[in-house]
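> Quick one: the structure is below, and I'll ask about it shortly.
The values are calculated or read from the model by the stated rules, or taken from the named source; none is laboratory data. Predicted, not measured: the structure shown is a model, and the values here were computed from it. With ideal geometry, Cβ positions are generated from the backbone for all residues, glycine too; neighbour counts draw on all protein chains shown. Ligands, DNA and RNA are stripped out before the accessible areas are found, and what is left, the full protein with its side chains, is counted by its heavy atoms. Shrake-Rupley method; radii C 1.70, N 1.55, O 1.52, S 1.80 Å.
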Amino acid sequence: MKSFEQEKFWKKWNLTPKEYQKIKEYLQREPNEVELGMYSVMWSEHCSYKNSKPLLKLFPNSAEWVLQGPGENAGIIDIGDDQIIAMKIESHNHPSAIEPFQGAATGIGGIVRDIFAMGARPIALLDSLRFGDFNHPQTQYLYKGVIDGISFYGNCIGVPTVGGETVFSPSYQENILVNVMCVGLARKNDILRAIAKGEGNSVILIGAKTGRDGIGGASFASTELNETSDEDRPAVQIGDPFSEKLLIEACLELRGLDYVVGLQDCGAAGLTSSLCEMASRGDSGLDIELSEVPKREEGMNPFEIMLSESQERMIVVIKKGKEKKIKNIFDKWGLDSAVIGKVTNDGKFTIRDKGEIIADIPAKSLADGVPVCHRKGKRPNILDSVNRLDLSEISQPNDYNQALLQVLGSPNMISKEQIYENYDYMVRNNTVLLPGDDAAILRIKGTKKAIALTTDGNGRYCYLDPLIGGKIAVAEAARNLSCKGSLPRAVTDCLNFGNPEKETIYWQLEESIKGISEACRVLQTPVISGNVSLYNESKGEAIYPTPVIGMVGIIEDYHHICSMAFKNHDDLIVLLGENKEELGGSEYLKVIHHLEKGMPPQIDLLKEQAVQKVCREAIKKELISSAHDCSEGGLAIALAESCIKGKKGAEIDIEGKIRNDALLFGESQSRIILSINPKNLSSLQEIADKYQVPLLLLGYVQGEKLKINRLINIKVSQLEKVWRGTK
Amino acid sequence: MKFGVIQFPGSNCDYDCFYALNDVFKVEVEYIWHKQTDIKGYDGIFLPGGFTYGDYLRVGAIARFSPVMSVVIDYAAAGGLVLGICNGFQILTEAGLLPGALMRNNSLHFICKYTYLKVENNQIPHTYSCKSGQVLKVPIAHGDGNYYIDEHGLSLLIKNNQIVLRYCEENGEVTPKANPNGAVDNIAAICNKEGNVLGMMPHPERCVEDCLGSSDGKYIFNSILNFIKNSKVKL
């Protein structure tokens, strides 16, 4: 084996001197080029979480209904009736910034494979997207590319894209965020694990052939983007959704076969990561022969084969002697399958090329051996001035009608129909509440049950106060689910931050995680899977800290759900919760006053929980006609949306104890707007009293206009035009 | 009564068709793998939606060479009942069982949304139980649904009453605004001259239960089922 201590080389691979020393300790010798490359990708932040590991331990991740927490390809919860839900969210930020179409497309491919690797049928996708300033030409290019990429890949594989969010802010100008969440359904007995064990068992590579695309993608994703990042385009993979579709169907045929030992996605860091993780989970070793790997191009060297991130590939480990049976399944679907090695019991990850040993590494050192970085955070000084907001210096609009139309028509508030119409959100016949509401709802066939899904995260709140922002991300996700009548059950999170080696960024990460953890504890939604995307910065400027919370909730009977649309004239409109004079970090402040300042709204998690309980109980008892989360844009926007969706007007009269702009556009937390038949009001009041939640009568569903106090008087048809962007 | 749903590589509405027939309408149904060359014994054959062969080359262009298609052609020639939905429609035009072609939507984007359809011809098995002029609310989900046929071809379609469904407003008015993809003459579905083969871009199998937002797709399924029940001679 060739010695390879060349400073230039390990620097090029983003390894530190300390890490290099550690590698030598593990190997008891110098690593060679291939080994060094393998350590480099496996020890990148993307694969190893070396910077975030100590913080991720803060997340609560167990509950009676959690069958699989973090550590596998996806988390799993029990939903009763012998069924489970698998879910995970993942980022594909860096590739999408360089090549938006393929970046977004392959992001879907990867997360979908994580789900069916667990033996679950992928049944839903959600996309949480962040772009730069809406009017910037580059934003338009990236935005269209990402939407087209999602549409191209997600539609073809027949998994409905049912929800998500799209937010524009200059903070993401150089670093867009593309986070994709996938949800799968399976019977309990069908769950597969990504494990390699049993000496002599066969390791089979299935799916697409291995090519030179995406080499070093994981390392690339763990550094800051710069002017020359465009040159990294070969590190972006190319997606083939048709192969993925075949791979889904073929792999799901592996369920219930007693000779299948483990199934694993070949994702970031390619064969290196998928193989060593399987071995590490099974306390096994692997002996791999690279000449057996089906290749797309001639002359690929071992280094390239081990690090290729060619898409649409999986690894399956099966009991010895059953190779022919596996081949038959994959032949039927027109997919390659090749035995590339066998399981050993020496704990070594041995790679050969025509018999010659190319790399020989303790599997565990590669998968779990990275020296963890314990860092210290520091609150950025700039927050002292950013958090200061003197409302007496903020002038109130003269014309509130104009102000409402301006906020409603702003890029973050307008209808996202133009986006989600590009996605097939109905395939598989489960979507009972379509995109465009607080959450999507999918029924579970053969039962009365349904699941509700959402993603949430407000980067601006987290920038102003990451602890509060983290709590709100969870609280709002849970509120979205509760508004539809579902009990929030579990979280998958994607932590999008800047360079954690900087104290202030690390502080943001730490505070956000503390906030998320606390909220997850109170709201009983353990974090069962997730992903960390750090180094989202360019030219020294980091994105707003943006934890995205994906959440699933359970509905016992899908007849008991509630949409946001006002349904009946003369229904009462009531507010659960309280309006406070809080304008910090609001859309109103940004759109009307061009300020991103102040403190985000306060949140009391116990009050939040109580509000959600009232709403869920009222929906279950069929008391209410509509429910809508009151969040970004405040009361006025939430009312406008319920009017538009229901094509009905509303007459609102609220006692104004606070500034009019705070009343209409303030983003106080823990509020839900309900409409209700007057005869049900006393029953609702009883429930609200039981949980000590304030109930405020706002007005009636009436006429064709939205009228609020003497401030707002606009036809719903006009609101709709502005909201749909067709004015 | 027994139906067959063809599974091509890349079909993704096969399961939805199967589910609608089996679970909602409670009739016997089987999957037919695309390499199968015997499709005897079925009362109707469904070509489901999806992205056969990834839509590579041209939508439906590769699937039409699947071994099963030659027997589908024979089956149709013998008067067998065939329904192609979305990608199934595209394959039927590529296979020459239906005239015209399906091009990229004029917006150049995939579109998924509910549309309204006017029943223009209720004299074929697939619309047998619909009223003439009835308006159905049925979703579309396609990138290539822009039906094209030249003027001469269109005049033949009209003359032979082969236009079965047109995109319309909620009130049944056929307008340019109601046309989601640029299809010639707002065409959403056409049949062959004999009326036993129907191709339609909208997805009736996606709206057969109230909980899904519309159950108007039932009119298509019930038409087929009723027709078969009532026809004395088995097709």
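> Which of the numbered conditions does residue A:390 fail, given that it passes all the others? Conditions: (1) buried (at least 21 other Cβ atoms within 10 Å of the Cβ); (2) more than 14 Å from every other protein chain (Cβ to nearest Cβ).
All conditions pass for residue A:390, except number (1).
> Starting from the stretch A:378-404, take each residue that is more than 30 Å from residue A:708 (Cα to Cα) and list its partners that are open to solvent by 30 Å² or more (accessible area, probe 1.4 Å) and among the β-branched types (Val, Ile, Thr), counting only C-beta distances under 6 angstrom and pairs at least six apart or across chains.
Short answer, once both residue conditions are applied: A:378/A:504; A:380/A:504.
> If residue B:164 satisfies every condition in (1) under 30 Å from residue A:434 (Cβ atoms); (2) touching a residue at least 12 places away in the same chain (Cβ under 8 Å); (3) open to solvent by less than 60 Å² (accessible area, probe 1.4 Å); (4) out of contact with any Leu (no Cβ under 7 Å at 6 or more places or on another chain) but one, which is the exception?
Only one criterion is unmet by residue B:164, namely (4).
> Hey, among A:357, A:248, which residue is among the β-branched types (Val, Ile, Thr) and away from chain B (no Cβ under 14 Å)?
One residue alone meets the criteria, A:357.
> Looking only at residues that are open to solvent by 10 Å² or more (accessible area, probe 1.4 Å) and outside any strand (DSSP E or B) in the stretch A:529-543, which one is modelled with the highest pLDDT?
Once the filter is applied, the top-ranked residue is A:535.
> Output the residues belonging to the stretch A:185-200 that are farther than 26 Å from residue A:124 by Cα and crowded, with 22+ Cβ neighbours inside 10 Å.
First pass over the stretch A:185-200, keeping only residues farther than 26 Å from residue A:124 by Cα: A:196-200.
Hit for the stretch A:185-200 is A:196, nothing else.
> On to the next question. If I ask for residues that are modelled with pLDDT of 95 or more and crowded, with 23+ Cβ neighbours inside 10 Å, which ones from the stretch A:228-242 would you list?
Within the stretch A:228-242, A:241 is the sole residue that qualifies.
> Let me ask you something else. Has the stretch A:280-288 got at least one residue that is surrounded by fewer than 19 Cβ atoms within 10 Å (Cβ to Cβ), in contact (Cβ under 8 Å) with a residue 40 or more places away in the chain and out of contact with any strand residue (DSSP E or B) (no Cβ under 8 Å at 6 or more places or on another chain)?
yes
> Further question: How many of the residues making up the stretch A:424-444 are more than 7 Å from chain B (Cβ to nearest Cβ) and at positive phi?
The qualifying residues number 1.
> Could you list all residues from the stretch A:310-338 that are in a loop (DSSP other than H, G, I, E, B) and of a type in the set (D, E, K, R)?
Listed by number, the residues that qualify are A:312, A:319, A:320, A:322.
> Within the stretch B:127-149, restricting attention to residues that are part of a strand (DSSP E or B) and more than 14 Å from chain A (Cβ to nearest Cβ), which residue is surrounded by the most Cβ atoms within 10 Å (Cβ to Cβ)?
Ranking the candidates gives B:147 first.
> Hey, another quick one. Of the residues A:692, A:669, which single one is in contact with a Pro (Cβ under 7 Å, 6 or more places away or on another chain) and either modelled with pLDDT of 95 or more or surrounded by 17 or more Cβ atoms within 10 Å (Cβ to Cβ) (or both)?
Exactly one of A:692, A:669 is in contact with a Pro (Cβ under 7 Å, 6 or more places away or on another chain) and either modelled with pLDDT of 95 or more or surrounded by 17 or more Cβ atoms within 10 Å (Cβ to Cβ) (or both), namely A:669.
> With the condition being modelled with pLDDT of 95 or more and buried (at least 23 other Cβ atoms within 10 Å of the Cβ), I'd like the strands (runs of 3 or more DSSP E) fully within the stretch A:48-141 carrying at least 1 qualifying residues.
Once the strands (runs of 3 or more DSSP E) in the stretch A:48-141 are filtered for at least 1 residues that are modelled with pLDDT of 95 or more and buried (at least 23 other Cβ atoms within 10 Å of the Cβ), what remains is A:75-80, A:83-91, A:121-131.
> For the stretch B:175-213, name all the residues that are within 14 Å of chain A (Cβ to nearest Cβ), buried (at least 22 other Cβ atoms within 10 Å of the Cβ) and in a helix (DSSP H, G or I). Give the steps one after another, and end with the answer.
Taking the stretch B:175-213 as the starting set, the residues that turn out to be within 14 Å of chain A (Cβ to nearest Cβ) are B:177, B:180-181, B:201-213.
Add one more test, that the residue is buried (at least 22 other Cβ atoms within 10 Å of the Cβ), and what stays is B:180-181, B:201-208.
Scanning the stretch B:175-213 gives B:204, B:205, B:206.
> State which residue is farthest from the other protein chains (Cβ to nearest Cβ) when the search covers only the stretch B:70-93 and only residues that are buried (at least 21 other Cβ atoms within 10 Å of the Cβ), part of a helix (DSSP H, G or I) and not polar (S, T, N, Q).
Out of the qualifying residues, it is B:75.
> Suppose we filter the stretch A:137-164 for residues that are within 10 Å of chain B (Cβ to nearest Cβ) and of a type in the set (Ser, Thr, Tyr); how many remain?
2
> Still on this structure, please answer the following. Give the residues of the stretch A:165-209 that are part of a strand (DSSP E or B) and within 14 Å of chain B (Cβ to nearest Cβ), sorted by residue number.
Hits for the stretch A:165-209 are A:185, A:207.
> Restricting attention to the stretch B:27-46, does a residue exist that is at pLDDT 95 or above, part of a helix (DSSP H, G or I) and within 12 Å of another protein chain (Cβ to nearest Cβ)?
no
> Working only within the stretch A:267-309, note down all residues that are within 13 Å of residue A:358 (Cβ to Cβ), part of a helix (DSSP H, G or I) and either out of contact with any helix residue (DSSP H, G or I) (no Cβ under 7 Å at 6 or more places or on another chain) or outside the structural domain of residue A:361 (by TED's automatic domain parsing) (or both).
Selection gives A:291, A:304.
> Restricting the first residue to the stretch A:438-450 and requiring it to be of a type in the set (Lys, Arg), which pairs with a second residue that is open to solvent by less than 10 Å² (accessible area, probe 1.4 Å) meet a Cβ separation below 7 Å and a spacing of at least six or different chains?
Short answer, once both residue conditions are applied: A:443/A:450; A:449/A:555.
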